[in-house]
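Just so it is clear, none of the values below were taken in a lab; they were calculated from the coordinates. Since the structure is predicted, the reported quantities are computational estimates derived from the model, not experimental observations. When we count neighbours, we look across all protein chains shown, and the Cβ atoms used for this are built from the backbone with ideal geometry, even at glycine.
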Amino acid sequence: MDTRKMGFNTKLVHAGIPEDALGSVTTPVYQTSTFAFRNAEQGANRFAGKEAGFIYSRIGNPTVGALEEAVAQLENGAGCTATSSGMGAVSSVYMALLNQGDHMVSTAGVYGPSRVLMDKHFSRFGVESTYLDTSDLEALKAAIRPNTKVVYVESPSNPSMIVTDIAAAARIAHAAGALLVVDNTFASPFLQRPLDLGADVVLHSITKFINGHADVVGGVIVAKTEAVHKQIRAMVVMMGPCMDPHQASLVARGLKTLSIRMERAQANAMAIAQWLERHPKVEWVSYLGLPSHPQYELVKRQMAGPGAMISFEVKGGVEAGARLMDNVKLAALAVSLGGVETLICHPASMTHASMGREARLAGGVTDGLVRYAVGIEDVEDLIADLDQALAHV
Ligand SMILES: *Cc1c(COP(=O)(O)O)cnc(C)c1O
């Protein structure tokens, strides 16, 4: 069935599922490392690309391929490559698109390891980078150099909730002959489709909203054109951070409920953000759905909704935040996000500790910032949990 012209929710449920001789409604798990050829000629033809078909599961696997096709359709891309983790996606994109002597401009508040990988490791191979607030379009334009090949934007950024105008960033990148890459993990394709806004590559840690059940680590990379897709796929096949069929099967199952999970978590997040904003012990709240967010209008233009992530700071800074985190009972004290269960964490000492204090502050990740990833529980219970924890602060 061709689902490409169908609606987003129909794609979530049906896209990519292969026709199966036994009538299986879901994609079977092809738990195999390799695929037997009928004869030597068929093997040679498959390697030569003259005949479609599977060869070896690092190169391609039907279960993984079904998920890749679904995500490609959800992001309106030419093709998708699944990876063993979100960082497998980030590193493969850097590796595929940047050569020695090239320069990348990136959002200062990116996911910590995405920056450390560039600063500490790709720098060893002569790749240059500049990190800045990419929501400042004049600063972004000024940071472009003759050797800039990639503009890398994380929007909304994690956990500073800074939003970059993706269409404008695409124009700036393209005027310089560079590609725009967007880490869309925080929004998911339900809320934001960067390729439609002009981006060339979109990637996700599917560990988060796409899988949504906190039981898989994985990533995906979707390219707008076949040429860029092939370049990235070749890199993943060579470097080896491919997705496993069992992993893909779990993600394909989680993916089907993306819309209803996001709708519920987002409604919870809106109620909690409003409640926190009124709480006397809360210093500030950053949520994309509050008019107090500096980019409230851009969010409404660029995204289908404000999502399920809240950052806030308790009066009394780091110590007060720690007391809050030690006293919540329903929310788990854990990094990650996008699952059905609510999680709370402290980015400055956890996810963003590796990037150093100066870079962290420049990225909007203050010492006392608490990140609250809202799940799909009853909102009354989540608020009661925060209320009793704040009483200990
Ligand atoms: C978690 C995350 C990553 C890394 O993904 P893993 O699956 O943990 O490797 C990259 N970008 C963002 C925005 C993330 O939240």
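List of remarks:
- Pairs of lysine residues in the chain - Cα separation under 20 Å, sequence separation of 8 or more or cross-chain: 13
- Compared with the dominant Cα axis of the chain, that is its longest principal axis, helix 317-327 is turned about 70°.
- Choice from Phe122, Phe35, Phe47 showing the highest fluctuation, given a GNM over the chain with Cα pairs closer than 10 Å: Phe47
- Annotation: the antiparallel percentage among DSSP beta bridges lying fully within the stretch 62-207 is about 0.
- Antiparallel bridges, percent of DSSP beta bridges restricted to the stretch 8-255 (to nearest 5): 40 percent
- Annotation: amide H of Cys242 within the under-5 Å range of Ser84, sequence separation 5 or more or interchain, hydrogens built in the peptide plane.
- Local net charge near Val13, Cβ-Cβ under 12 Å (Lys/Arg +1, Asp/Glu -1): +3
- The H on the amide N of Val150, modeled in the peptide plane, is under 5 Å from the matching H of His103, Val105, Leu179, each at least 5 residues off or on a different chain.
- Put simply, the amide H of Val220, placed in the peptide plane, has neighbours under 5 Å in Thr83, His204, Ile206, leaving out anything fewer than 5 places away on its chain.
- Cα gyration tensor shape for the stretch 310-354, rounded if a/c is under 1.5, else prolate or oblate: oblate
- In this simple spin-label approximation, Thr26 and Val335 carry label points 7 Å from Cα along the Cα→Cβ vector, and these lie 3.0 nm apart.
- Taking Asp196, Asp165, Asp183 as the candidate residues, the one with maximal mean-square fluctuation in a Gaussian network model of the chain, Cα springs under 10 Å, is Asp196.
- Whole-Hz couplings from phi, Karplus 6.51/-1.76/1.60, listed for the stretch 21-27; x for Gly and Pro: 4, 8, x, 4, 7, 10, 6
- Residue order, fewest to most beta carbons within 10 Å, for Glu41, Glu128: Glu41, Glu128
- Against the main long axis of the alpha-carbon atoms of the chain, helix 245-255 sits at an angle near 50°.
- Projecting the Cα atoms of Gln100, Leu298, Ala353 onto the charge dipole of the chain (Cβ charges, centred on the Cα centre) puts Gln100 farthest toward the positive pole.
- Working note: 222 nm ellipticity from helices only, DSSP H runs with n ≥ 4, each -39,500 (n - 2.57), summed and divided by the residues of the chain, gives -11000 deg cm²/dmol to the nearest 500.
- Computed from phi, the 3J(HN,Hα) profile of the stretch 286-296 under the Karplus parametrisation 6.51, -1.76, 1.60 (θ = phi - 60°) reads 10, 9, 5, x, 9, x, 6, 5, x, 10, 3 Hz, with x in place of Gly and Pro.
- With bins 10 Å wide beginning at 0, the percent of Cα pairs of the stretch 1-75 falling in each bin runs 18, 40, 32, 10, 0.
- Note on the chain: with a GNM built from Cα contacts shorter than 10 Å, the maximum mean-square fluctuation among His121, His174, His229 falls on His121.
- Charge dipole (debye, nearest 20) of the stretch 13-145; +1 at Cβ of Lys and Arg, -1 at Cβ of Asp and Glu: 440 debye
- Sorted from greatest to least, the principal axis extents spanned by the alpha carbons of the chain come out as 74, 52, 34 Å.
- The phi-based Karplus calculation (6.51 cos²θ - 1.76 cosθ + 1.60; θ = phi - 60°) puts the 3J(HN,Hα) values of the stretch 139-151 at 5, 5, 4, 5, 7, 5, 10, x, 9, 6, 10, 9, 10 Hz, whole numbers, x for Gly and Pro.
- If only the Cβ of Lys and Arg carry +1 and only the Cβ of Asp and Glu carry -1, the dipole of the chain around its Cα centre is close to 780 debye.
- 0 to 90° range, to nearest 10: angle between helix 62-74 axis and the chain longest Cα axis: 60 degrees
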